[in-house]
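All of the numbers you see were taken from the coordinates with simple rules; none came from a lab. The structure presented is a predicted model; accordingly, all values stated were derived computationally and were not measured. With ideal geometry, Cβ positions are generated from the backbone for all residues, glycine too; neighbour counts draw on all protein chains shown.
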Amino acid sequence: MSAETSVSGVAGSATSARDFILPDLGEGLTEAELISWLVNVGDEVHVDQMVVEVESAKSVVELPCPFAGRIQALHANPGDTVSAGQALLSVAEAGAVSNADSGSASSEASVTDADSHGGGANLIGYGASEPKARSTKKRSFGTKTSQSDFTAPSTTAQAAEPAATPPAVAAPPAPASEPPVHTASQPPAEVSVSPVSSPIVRKLAKDNGLSAKHLPGTGPGGVVTRADVLKAIDSGKASPATQTTPATTSTEPDSMPAGGTADRDTRTPITGLRKVVSERLTKSRQEIPEATIWLDVDATELLNTKRALEARTGEKYSLLSLVARFVVAGLKKFPIINSSIDTEANEIVTHGDINLGLAAQTPRGLMVPVVHGADQMSLRALRDSVSETVGKASTGKFGAQELSGGTFTLNNYGVFGVDGSAPIINLPEVAMLGLGRIKDRPWVVEGELTVRKVMYLSFVFDHRACDGAEPSQFLTFVAGCIENPISLLPEL
């Protein structure tokens with residue numbers, strides 16, 4: 001059953017089916033990528049049953065259906081970008097007779113708006129009351145971490161966009177000099193363009209000098225999809241509305257001189273998490289007067305202590321968890337480092353809790369999950385929390401709560417085989433500590449040259465929050481703990 005049919009059925013009868021719309025995702029997020037369906041057309045579902053998995057710029061979540069009944073239609077495919085207020089699926093109420101197969105010519109497709117089902121309400125049980133009769137007027141939807149030197153993979157959605165209007169009959173637009181002629185067999189010229197249901201697709205086309213409605217659509221009913229726009233961009237195909245604009249055509253790939261390399265280039269839209277990371281990194285660089293200091297540290301005793309601790313307890317301890325314990329002690333000793341900047345109030349906010357962020361490379365890209373209340377944990381509890389957080393990085397499926405509320409970030413880029421870096425501060429925090437690789441290096445011990453396990457520490461801080469004294473003292477404190485772990489005992 002096509003998406004167009006099911007939407008028409010809803011418009012024709014308020015009791016035949018109800019649409020589950022993508023709710024307000026919070027934190028200013030207005031769109032998400034559909035990862036996978038957990039149900040199929042024809043399945044019976046109950047209230048609050050998980051039916052779809054979506055990925056926002058913050059996290060990957062499963063959404064529960066607020067209705068009970070039989071799945072009548074799925075309005076998007078895996079890989080599609082959907083906007084808040086857009087219908088995800090239609091559910092026919094138990095015992096209701098579907099109008100989808102009636103073929104009624106009087107039914108006009110209408111797009112579900114956010115108000116018809118209380119858009120922005122809670123996921124669990126929203127829209128439980130009977131929906132209001134919807135207008136048949138056609139509407140369009142509004143369009144709408146952490147930092148290190150990692151690179152995040154990007155993916156381009158190739159699936160079809162959901163259909164929100166009836167299939168349009170393709171016909172060439174009438175000449176500008178004479179009005180269109182309407183006959184019984186010819187649709188009006190205003191609907192003789194390709195339907196475009198997604199505001200994201202329209203915006204992508206507009207940003208690249210194209211008119212989405214003039215592109216051929218490959219989606220259900222001729223709907224123009226993101227893939228269609230990307231194909232037009234790559235091929236340098238301008239729409240009739242933009243072909244005569246010199247400024248637009250001059251930047252298209254087909255204007256490249258013969259023998260150019262444009263045909264070998266690959267264009268990847270900056271969307272989703274990559275877009276959020278890019279915006280935050282840019283804002284951090286523009287807004288923060290940052291300074292970086294670094295120190296090389298003899299980590300030989302740290303490795304010895306790790307082995308002794310594991311032998312004594314029979315448990316495993318990662319170097320990251322041990323350094324995290326030193327960092328927590330340092331933040332308690334120098335609380336200004338555990339701060340953030342409130343730019344609106346022009347204030348430095350020194351946090352009472354230590355919520356330790358761990359920069360992690362995930363399949364989704366760079367993320368900074370947070371260990372909340374790290375200052376209240378024992379070494380064993382902190383080790384377990386760090387281990388659990390690092391384990392989740394292999395999938396990148398962190399909840400929104402796990403990615404928010406950080407007060408300081410620890411970045412272990414040594415796992416990538418590099419010695420050091422000048423990391424970008426994770427807004428709105430004021431500092432970040434980076435750990436480089438551990439490597440055998442010549443080192444002087446008690447006047448004798450020997451080989452030791454040496455690592456580099458890179459520390460970047462916001463000069464608005466503090467000057468050089470506290471950051472230097474914090475860094476040397478952590479370095480002292482690494483070089484002589486027993487020195488931390490008085491701090492415990």
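Per-residue counts of other Cβ atoms within 10 Å, averaged by peptide: what ranking do you get for 425-431, 443-449, 379-385, highest first? Show your work: numbers first, answer last.
Numbers: 425-431: 23.9, 443-449: 8.9, 379-385: 16.9.
Ranked from most to least packed, the peptides come out as 425-431, 379-385, 443-449.
Length gain on complete extension for the stretch ASP234 to THR476, per 0.36 nm per residue less the alpha carbon to alpha carbon distance? Please report the intermediate quantities before stating the final value.
Values: separation 242, 0.36 × 242 = 87.12 nm, distance 5.27 nm.
Going from the current span to full extension adds 81.9 nm.
Could you line up THR268, THR30 from fewest to most neighbouring Cβ atoms inside 10 Å?
Fewest-to-most Cβ neighbours within 10 Å comes out as THR268, THR30.
Using the Cα gyration tensor of segment 324-443, with a ≥ b ≥ c the square roots of its eigenvalues, what is the shape: rounded (a/c below 1.5), prolate (a/b larger than b/c) or oblate (neither)?
Working: a/c = 1.40, a/b = 1.23, b/c = 1.14.
Rounded, because the longest to shortest axis ratio a/c is under 1.5.
Given the peptides 289-299, 340-350, arrange them by the average over their residues of other C-beta atoms within 10 Å, most packed first.
Values: 289-299: 17.0, 340-350: 12.7.
Per-residue mean Cβ counts within 10 Å order the peptides as 289-299, 340-350.
With a 10 Å radius around each residue's Cβ, average the other Cβ atoms per peptide and rank 323-330, 453-460, 413-420, highest first.
Values: 323-330: 22.5, 453-460: 20.9, 413-420: 15.1.
Ranked by mean Cβ neighbours within 10 Å, highest first: 323-330, 453-460, 413-420.
Using label points projected 7 Å from each Cα along Cα→Cβ, tell me how many nm separate LEU295 and ILE270, to one decimal.
3.6
What FRET efficiency would be calculated for the residue pair ASN484, GLN401, taking the C-beta separation as r and a Förster radius of 45 Å, to the nearest 0.05? Spell out each step's value before the answer.
Details: r = 37 Å, r/R0 = 0.82.
Rounded to the nearest 0.05, the efficiency is 0.75.
With +1 on each Lys and Arg Cβ and -1 on each Asp and Glu Cβ, and nothing else charged, work out how big the dipole of segment 338-479 is about its Cα centre, in Debye to the nearest 20. List each step's numbers first, then the result.
Working: 11 positive and 16 negative charges, 157 e Å.
Rounded to the nearest 20 debye, it is 760 debye.
Between segment 420-452 and segment 371-392, how many Å separate their Cα centres?
Answer, in whole Å: 23.
May I ask you to compute the full-extension gain from THR350 to ARG464, defined as 0.36 nm times their residue separation minus their alpha-carbon distance, rounded to one decimal in nm? Can you show the working numbers first?
Working: separation 114, 0.36 × 114 = 41.04 nm, distance 1.29 nm.
Contour length minus the Cα-Cα distance gives 39.7 nm.
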